[in-house]
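Report on the following structure.
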Amino acid sequence: MPPNLRLRAPVLYPTGDAGHHVELDSTTGDTLRSPTVTPKLQRLAAQAAHDPSRVFTTLAHLIDTDFLREAYQHTSKSSAAGIDGVTAQQYAEHLDENLRDLHERLRSGRYQAAPVERVWIEKADGGQGPIGKPTFEDKIVQRAVAMLLEAIYEQDFYDGSYGFRPGRSPHEALHELRERCMNEGIGWIVDADVSGYTSVRQAKPGASRGCNSRPGKGQASPPGTES
């Protein structure tokens, strides 16, 4: 086993071509609580770090009831209800029953995400932008999937990447930018943004497919169908 690839929490995993180390002790900035979920994610991260070319084709079976409960813990409870009107507080009233039912639907392939309610919000430039309000249950599923994918893809990021990464913040990005400008004599900063990205995606559904082949292109098996 390569150096620094021991399975313990927190763990620093070598990141192959990216050339940096990622500490795997959280998924949304909070410490993982489950003694069964944490080893799963650590093993997944270790496999991804040890073999950057590895393609993961069977991940869904890792999402069991404990995994969903951990995802629930990391899901925001303050957001408005989705199209079904179920709040986080209402879902929590029968949490164990709801999670068992959710897992059974995922395992059997019967789960279907509810439609996402579109809400328009005011933008700083005076225009309006759309945001989606998924149901609370679907947020749990999204968080569970994100936990799996983060364990894999975190190993491929460069150390200077901060956007939407667990345990990182815009303040840290600004601090690094300042340090590099001071230490490397950088005199120019280019600030670029994408205009109308949401509109482009609506007009061209396949406009943003770029992704490497880490989980594989084939469909993953439903939870519980792979050993």
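The values are calculated or read from the model by the stated rules, or taken from the named source; none is laboratory data. A quick note: this is a predicted structure, and the numbers were derived from the prediction, not measured. Here Cβ is always computed from backbone atoms with ideal geometry, including for glycine, and neighbour counts include all displayed protein chains.
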Checklist outcome for this item: Of (1) modelled with pLDDT of 95 or more; (2) closer than 20 Å to Ala151 by Cβ, Ser34 fails just (1)
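Being at pLDDT below 95, part of a helix (DSSP H, G or I) and either of a type outside the set (S, T, N, Q) or within 30 Å of Arg214 (Cβ to Cβ) (or both) narrows it down to one of Glu104, Glu154, so name that one.
Numbers: Glu104 fails: at pLDDT below 95.
Within the list Glu104, Glu154, the selection yields Glu154.
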Checklist entry - Across region 42-58, what is the total count of residues that are surrounded by fewer than 16 Cβ atoms within 10 Å (Cβ to Cβ), out of contact with any Lys or Arg (no Cβ under 8 Å at 6 or more places or on another chain) and not hydroxyl-bearing (Ser, Thr, Tyr)? => result 4
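For region 28-41, how many residues meet the condition of being out of contact with any Lys or Arg (no Cβ under 8 Å at 6 or more places or on another chain), surrounded by fewer than 17 Cβ atoms within 10 Å (Cβ to Cβ) and either part of a loop (DSSP other than H, G, I, E, B) or of a type in the set (D, E, K, R) (or both)? Before the answer, list the steps.
Filtering region 28-41 down to residues out of contact with any Lys or Arg (no Cβ under 8 Å at 6 or more places or on another chain) leaves 29-33, 35-41.
Adding the requirement that they be surrounded by fewer than 17 Cβ atoms within 10 Å (Cβ to Cβ) leaves 29-31, 33, 35-36, 39.
If we keep only those that are either part of a loop (DSSP other than H, G, I, E, B) or of a type in the set (D, E, K, R) (or both) too, we end up with 29-30, 33, 35-36.
The total comes to 5.
Residues checked against (1) loosely packed, with under 12 Cβ neighbours inside 10 Å; (2) modelled with pLDDT of 55 or more; (3) in a loop (DSSP other than H, G, I, E, B); (4) not β-branched (Val, Ile, Thr):
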site	(1), (2), (3), (4)
Tyr158	yes, yes, yes, yes
Ser161	no, yes, yes, yes
Ala173	no, yes, no, yes
Asp191	yes, yes, yes, yes
Checklist entry - Quick check, is Leu149 in a helix (DSSP H, G or I) and either farther than 26 Å from Val116 by Cα or more than 20 Å from the chain's Cα centre (by Cα) (or both)? => result no
Next on the checklist: Looking at region 46-57, I want the residues that are under 8 Å from Arg214 (Cα atoms) and of a type in the set (A, V, I, L, M, F, W, C) and have a partner that is in a helix (DSSP H, G or I) and modelled with pLDDT of 90 or more with Cβ atoms under 9 Å, at least 6 apart or on another chain. Which pairs are those?
Outcome noted: Phe56/Leu44; Phe56/Gln47; Phe56/Ala48; Phe56/Leu148; Phe56/Ile152
Checklist outcome for this item: The residue from Ser53, Ser76 that alone is farther than 30 Å from Glu117 by Cβ and modelled with pLDDT of 50 or more is Ser53
Checklist outcome for this item: Out of (1) in a helix (DSSP H, G or I); (2) modelled with pLDDT under 95; (3) of a type in the set (D, E, K, R), the one Glu137 does not meet is (2)
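For residues that are of a type in the set (Lys, Arg) and under 22 Å from the mean Cα position of the chain (by Cα), scanning just region 101-144, find the one that is surrounded by the fewest Cβ atoms within 10 Å (Cβ to Cβ).
Only one residue tops the list, namely Arg118.
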Next on the checklist: For the structure I just gave you, tell me whether Gly132 is touching a Cys at 6+ places or on another chain (Cβ under 9 Å) and not in a helix (DSSP H, G or I).
Outcome noted: no
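Which of the following residues is touching a helix residue (DSSP H, G or I) at 6+ places or on another chain (Cβ under 7 Å) and not in a loop (DSSP other than H, G, I, E, B): Ala81, Ala71?
Among Ala81, Ala71, only Ala71 is touching a helix residue (DSSP H, G or I) at 6+ places or on another chain (Cβ under 7 Å) and not in a loop (DSSP other than H, G, I, E, B).
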